[in-house]
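Single-structure report; data block below.
Read the figures in this text as sums done on the coordinates, not as results from a lab. Fair warning: this is a prediction, and the values are worked out from it, not measured in the lab. Positions of Cβ are backbone-derived with ideal geometry, glycine not excepted, and every protein chain shown enters the neighbour counts.
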Amino acid sequence: MSKVAPIEQRKDDHIKINLEKDVRSALTTGLERYRFTHEALPELDLDAVETALTLFGKKLAAPLLVSSMTGGTKDAGAINLRLAEAAQACGIAMGVGSQRAALEHPEQAESFQVRKIAPDILLFANLGAVQLNYGYGPDECHRAVEMIEADALYLHLNPLQEAVQHGGDVNFAGLGKKIEEICKKLPVPVIAKEVGWGISEKTARRLAECGIAAIDVAGAGGTSWSQVEMYRAPDAFLRSLAATFVGWGIPTAESILNVKKSVPDMTIFASGGLKDGLDVAKCLALGATLGGMAGPFLKAAAVSTENTIEMIQLTQKQLQVTMFCAGAGNLAGLEGKLVV
């Protein structure tokens, strides 16, 4: 087998593959099964429909999240700056990609540091939870948060991606206890995030027991990271292994309902195949607090900050028009508006 690629090369590969290849899951998000009841007499002024909220002490203009994508290379740094500049301009939240590269190679930290152009955004640091079984602990988590002056920390869960990746970190044994330790010792909220295969009821309960402040379900129906790894695979064996799982996972809509059912009070972030503000509205109506998108924003940021701002503004307007036509004057008003 080929030598394992360094982290920097892997990050560049991930960006390139996501922009150039078809890496969609064979599953759908499940959101297509739902629609809103149209209200021809909404008794609302569209301009007064309120999309703002406060989360973790930060005011957001809309319940939108630029989902964690990248960092660790020069190209990734340029994309992160554009994403952050757009998030600042539009008043929405943002997560960076896994910061392991910068913890192990401090010269790469700059590619994640966006506070200088986005001083006000709700910003999430990010590390792979499995690294807690490979020598990481509270100190590394602290450093990731401090590196980018983050408001909270994502611990991402990606067992399938690691399992099909050449040289992947596959020891997930006893990880719950270590996540619990991080939740207790870190001074900021800790959020558990899948990367595209969703959250089961059992996992949601376990994460709640660990003290997690929110769960980003990152359900199936969007980017499949096993497909991304298929394009990166160094040989036919690993390509075939990764290709097997194109239809794996729990769809996004089902994942939201799983968390809502098993841990009713948990704050839920919805991501995984969301295409627009209508999808975001459906997720909010199902019980989510934020709707996250990665692919659409990555494609826009690959062009310019202006394109990214336009994409965010369009998504927010789509959400606002959905609320208006469903008769919801604010975000709480979306509850109960969906029909199957």
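If every alpha-carbon in the stretch 112-256 counts as one equal scatterer, what log10 I(q)/I(0) does Debye give at q = 0.09 1/Å?
At q = 0.09 Å⁻¹ the computed log10 ratios are -0.30.
For the stretch 1-118, what mean projected area does the convex hull of the alpha carbons give, in nm²? Numbers along the way, then the final one.
Details: hull surface 47.1 nm².
So the Cα hull casts an average projection of 11.8 nm².
At 10 °C and 1.306 mPa s, what whole-number value in µm²/s does Stokes-Einstein give for the translational diffusion of the stretch 41-90, with Rh from the Kirkwood sum over Cα pairs? Kindly include the intermediate steps, with their values, before the conclusion.
Numbers: Rh = 13.4 Å.
In µm²/s, the coefficient is 119.
Starting with the highest mean, order 83-96, 136-149, 271-284, 115-128 by the number of other Cβ atoms within 10 Å, averaged over the residues of each peptide.
On the way: 83-96: 24.1, 136-149: 17.9, 271-284: 26.4, 115-128: 20.4.
Top to bottom by mean Cβ count within 10 Å: 271-284, 83-96, 115-128, 136-149.
Nearest-5 percent of antiparallel DSSP beta bridges in the chain? Numbers along the way, then the final one.
Details: 6 of 33 bridges.
Approximately 20 percent, going by the DSSP bridge assignments.
Put +1 on the Cβ of each Lys and Arg and -1 on the Cβ of each Asp and Glu in the stretch 162-258; which of Trp248, Trp197, Gly211 then has its Cα farthest toward the positive end of the dipole?
Among Trp248, Trp197, Gly211, the one farthest towards the positive end of the dipole of the stretch 162-258 is Gly211.
Compute the FRET efficiency between Lys261 and Leu41 as 1/(1 + (r/R0)^6), taking r as their Cβ-Cβ distance and R0 = 45 Å, and round to the nearest 0.05. Mind dumping the intermediate values first?
Values: r = 34 Å, r/R0 = 0.75.
For R0 = 45 Å, the calculated efficiency reads 0.85.
Per the Debye formula with a single identical scatterer at each Cα and no solvent contribution, what log10 I(q)/I(0) holds for the stretch 84-172 at q = 0.14, 0.15 Å⁻¹?
-0.52, -0.58
How large is ³J(HN,Hα) for each residue in the stretch 84-101, as worked out from phi by the Karplus curve 6.51 cos²θ - 1.76 cosθ + 1.60 (θ = phi - 60°), to whole Hz, x for Gly and Pro?
With coefficients 6.51, -1.76 and 1.60, one gets 5, 4, 5, 4, 5, 5, 9, x, 10, 8, 8, x, 8, x, 4, 8, 4, 4 Hz.
Check the straight Cα-Cα distances from Lys299 and name the lysines below 24 Å, setting aside those fewer than 8 residues away within the same chain.
Lys11, Lys16, Lys21, Lys74, Lys116, Lys193, Lys275, Lys282, Lys317
What are the semi-axes of the equivalent ellipsoid of the stretch 194-340, taken as the square roots of 5 times the eigenvalues of the Cα gyration tensor, listed largest first and rounded to whole Å?
Details: eigenvalues 154, 100, 30 Å².
Sorted largest first and rounded, they come to 28, 22, 12 Å.
May I ask for the distance between the Cα centers of the stretch 143-170 and the stretch 258-294, given as a whole number of Å?
21 Å
Which lysines have a Cα lying under 16 Å from the Cα of Lys185, excluding residues fewer than 8 positions away in the same chain?
Lys177
For the chain, what is the charge dipole size about the Cα centre, in debye to the nearest 20, if Lys and Arg each add +1 at the Cβ and Asp and Glu each add -1 at the Cβ?
600 debye
Using a simple charge model, +1 on the beta-carbon of Lys and Arg, -1 on the beta-carbon of Asp and Glu, nothing else, what dipole does the stretch 171-218 show about its Cα centre, in debye to the nearest 20? Spell out each step's value before the answer.
Working: 8 positive and 6 negative charges, 33 e Å.
It comes to approximately 160 debye.
How compact and how long is the stretch 218-296, expressed as Rg and Dmax of its alpha-carbon atoms in Å?
14.8, 45
If I model a spin label at Glu146 and Asp13 as a point 7 Å from the Cα along the Cα→Cβ vector, what separation in nanometres do I get?
Spacing of the two 7 Å Cα→Cβ label points: 3.3 nm.
For the modelled label position 7 Å from the Cα of Arg115 along Cα-to-Cβ, which residues of the stretch 129-167 have backbone nitrogen atoms closer than 14 Å?
It comes to 142-153, nothing else.
Going by how many other Cβ atoms sit within 10 Å of their own, how do Arg205, Arg232, Arg82 line up, fewest first?
Values: Arg205 16, Arg232 20, Arg82 24.
Fewest-to-most Cβ neighbours within 10 Å comes out as Arg205, Arg232, Arg82.
Cα centroid distance between the stretch 87-115 and the stretch 194-240, in Å?
21 Å
If you build the convex hull over the alpha carbons only and average its shadow over all orientations, what do you get for the stretch 156-228? Give it in nm² to one decimal.
Across all orientations, the stretch 156-228 yields a mean hull projection of 5.2 nm².
Kirkwood-based Rg over Rh for the stretch 55-125 (C-alpha set), two decimals?
Numbers: Rg = 11.7 Å, Rh = 12.0 Å.
That ratio is 0.97, to two decimals.
Apply the Karplus curve 6.51 cos²θ - 1.76 cosθ + 1.60, θ = phi - 60°, to the phi angles in the stretch 179-186 and return the couplings in whole Hz, x for Gly and Pro.
Per residue, the Karplus-derived 3J(HN,Hα) values read 5, 4, 4, 5, 4, 6, 9, 7 Hz.
Could you state the principal axis extents of the C-alpha atoms in the chain, from the largest down, to the nearest angstrom?
64, 41, 41
Out of Cys183, Val303, Leu274, whose Cα points farthest toward the positive end of the dipole of the stretch 171-308 (charges: +1 Lys, Arg; -1 Asp, Glu; placed on Cβ)?
Farthest towards the positive pole: Cys183.
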